[in-house]
Structure formats: C-alpha cells, structure tokens
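Since the structure comes first, as structure tokens, the remarks are kept for the end.
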Amino acid sequence: MLKIGIIKERKSPPDERVPLSPTQVAQLNKENLDVKFVIESSDIRRFKDTEYTNLGIEVVTDVTDCDILMGVKEVPKEALIEGKKYFFFSHTIKMQPYNKALLQTILRKNIQLMDYECLVNSKNRRLIGFGRYAGIVGCYNAFWALGKRNHSFDLKPAYLCEDRVEMEGELSKVKFGEKGLKIALTGNGRVAHGAMEILDLMNIQKLEVEEYIGYTGNDPVYCQLKVTDYNKRNDNSEGSIREFFNSPELYKSDFARFSSNSDLYIACHFWGDGSPFIFTREEAKHPDFNLKVVADVSCDIDGPVACTLRPSTIPNPIYGYNAQSESEVAYDNQNAITVMAVDNLPCELPKDASMDFGEEFIKKIFPALINGDKDEILKRASITKNGMLTERYVYLTEYAAE
C-alpha cells in the first residue's frame, strides 16, 4: 500500500494552507484501496485536525512510515526525513540564494523532491498552482485599497473572512462614485482569470481596447490587455504575441495610452527577463499619468511596475508611492499611487485556495502516482533523485555545490 502523509507547515511566517482538504482526502482514501492518506497533526492549518478525524482520516504525530510526504511551503532543513519522496514548493529552480542550503540538504538526505512548480505537461505548461486565488484575492484587495485611499468605504480584510463566500459578500459595500471607474488588467493566465472572476461577479462591464480607451461614461468598466496591447514594436510595425515572447527586445511599452485614462491597474501578467517595463519611474512622473491605485498581484520588486518598491504584508497590504520623489509615502496621500503588493495572496483565503489546489492535484497529478507515471509528469517535476540532481535540473549543479 502507498502511504501518503500531509505534513504540518513549519515555515515561518506560518501558512494555513494544505495541499488537500479533509473532504478530498476522504474521497481519495475511499476510492483507492491501495492508497492511504494520513494527516500530521497541526495547530497551524485553517482546517483543524478534527475536520479530518470527523471524516475517518487518521491524524498522526509521526509520519516517518509514509512513502510520500506532501506540504505547501519549503520544509525546514532539520525537519526533512531522509530517503523520502516530497511534494512542496521549494523555490530553488531559479537558484534562489535563500534556499541553496535547503537543496544541499535534500541531496545529502537522498530525498526525491517533486516541486509543484515543476509539474508540467509534455508541452512544458504548468498543471497546478495557487495562481487563481492570487488573482481572486488580489482583485478584492484592489477594491479594499480603493476604499482606504479615498476613505469612501470599508471592506473587511480578506484574511479575516471565513471563506470566499463571506469575502464576496463584502463587495456590496464598494462605492464607485459619480464618475465611473476605469480598470486596466494585464495577464491571460490563472491569475488574471481569477481576478476577472471578481470583476464579473461585480457586474463590471468588460470592454475591448479601442472602446475602453474612448470610454467616458459613468459606469465602472474594465479591459483585459494582451501583451501586444500594452507593448509595440520599436519600429511601430505590426507585431505578434509569439514574436514578443521570443524576442522581447524588439518591443517597447505602449502602456501610456492606458495609464493616462485608467484609475485602477491590476497587474496579473507574467513578466520575463528582457521584456520592456510596463511603466518606468520616469513615465509615472508624466502629467498625464492617471493611475490612483495599483494592485500588483505579480509583484516583481523594482521591476516592470515602477511603483512596486517592496512586497507588502497581509496585515498591512498597502503603501503610497510618490512618483516625483520616487519614494514611499502614506497610502492615502492624494498625490501618490496607492500600491497593493502582497506576495502571498492565496494565504488570505486558505480553505478555498487549498480546495482549488486539491481539485487540480486530484485531477492532474494523483493519477501519475498510481499509474506508474506513464506520462512522466512526476519525472519532469523531480529536481532530485537518488542523491543527485536529475538531468532536467543539472543546470543547478554549481548552485547546489557544498
């Protein structure tokens, strides 16, 4: 029998999410006689131990007899169990300096690390992630920030809501004012579609680019921008999305046509090295620059969104950016941009985010655990195996050297 343990989150600050909810674990245990999930006892996660035991799931204090261990965030070095297979977000594949010692320990302890970020299909497309809930919470926080900036309405912080249902109920308090709100949104992946779930729930009309740019009505509207909407070729000839991703150096930002007539910007894009900045610090100083609130869900620090000076925190999610002095000021300074740049947004709705993640895991990843990994999903995701870096991740050799 394959025994899988859901481990306690031990990283600080604490993360209340889990890879699988109680109902999902119960479903997997019931439907798969050759697999048994157990839960390591935890006083941290939002789903309490009793929510698992009430469904007949075993809660344990020792997981050393499990074949596979599943967490969410990085497992502290001292808590890693030698010779096991682990699933978690390791944040090592970009050679992050702060996790170098973690990868060295994983190799030394002969652990097979399967990183969720590396669970991709044969076309290298990610199969699983928390991105949808980053977009959902990030969009909600954008309106929370708008209310705080203007002192016009107060929403309950998302992290203090029991679940998404309560959070969405708060949106009825949003006041748009007499002049309509214009919202620009960049991105076309899980994150952007999560944000648009909230905008659509609020019955905010979605407009195409040209209609949006010319819109002067009083109702709130939004526009989802493709990379070729807010970037243009250096020679002003017609470009393409494929060319932009292959040769971003041929492009420059064309975001000014949106920043000059938008009030709120929700950044949900993926930004790659070498791509043009969406707006620079100099461009933010222009008299026509009109953005009042920026919800930087993508949160690339000191990067493509010039006002994102630092990540903010869940308890203190906003700060102000004064474009003229290029410095941080009070979030409600009317001459500043109010910036929301929380970099761990799904943690604000841990139950909903966990259930969404678990659904994807059951549908796309769990079959590989019981069918011999016939599509090599787990093989592609394995950064280490048998005390060595796998072929796909051999580029980490120097980074992982003791």
Residue hits (region 42-81; touching a residue at least 40 places away in the same chain (Cβ under 8 Å) and within 23 Å of Asp352 (Cβ to Cβ)) are Arg45, Arg46, Phe47, Met70, Gly71, Val72, Lys73, Glu74
Qualifying residues in region 351-378 (those that are under 16 Å from Arg125 (Cβ atoms) and among the basic types (Lys, Arg)) - the one surrounded by the most Cβ atoms within 10 Å (Cβ to Cβ) | Lys364
Asp343 vs (1) surrounded by fewer than 23 Cβ atoms within 10 Å (Cβ to Cβ); (2) touching a helix residue (DSSP H, G or I) at 6+ places or on another chain (Cβ under 8 Å); (3) among the charged types (D, E, K, R): all pass except (2)
Count, please, the residues in region 374-391 that happen to be of a type outside the set (D, E, K, R) and farther than 20 Å from Ile128 by Cα.
-> 5
Tabulated pairs, region 194-208, first free of Cβ contacts under 8 Å to residues at least 24 places away in the same chain, second surrounded by 15 or more Cβ atoms within 10 Å (Cβ to Cβ) and assigned to a loop (DSSP other than H, G, I, E, B), C-beta under 6 angstrom, 6+ apart or interchain | Ile204/Pro220
Which residues, taken from region 232-275, are crowded, with 17+ Cβ neighbours inside 10 Å, touching a Lys or Arg at 6+ places or on another chain (Cβ under 7 Å) and farther than 24 Å from Ala142 by Cα?
-> Lys232, Gly239, Tyr251
Tally time: how many residues in region 82-116 are part of a helix (DSSP H, G or I) and free of Cβ contacts under 8 Å to residues at least 40 places away in the same chain?
-> 6
How many residues does region 209-247 hold that are over 23 Å from Pro304 (Cα atoms), in a loop (DSSP other than H, G, I, E, B) and of a type outside the set (S, T, N, Q)?
-> 4
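Values in this text are rule-based calculations from the coordinates and carry no lab data. On a predicted model such as this, the values are computed, not experimentally measured, just so you know. Ideal geometry is used to build each Cβ from the backbone, glycine not excepted, and the neighbour counts take in all protein chains shown.
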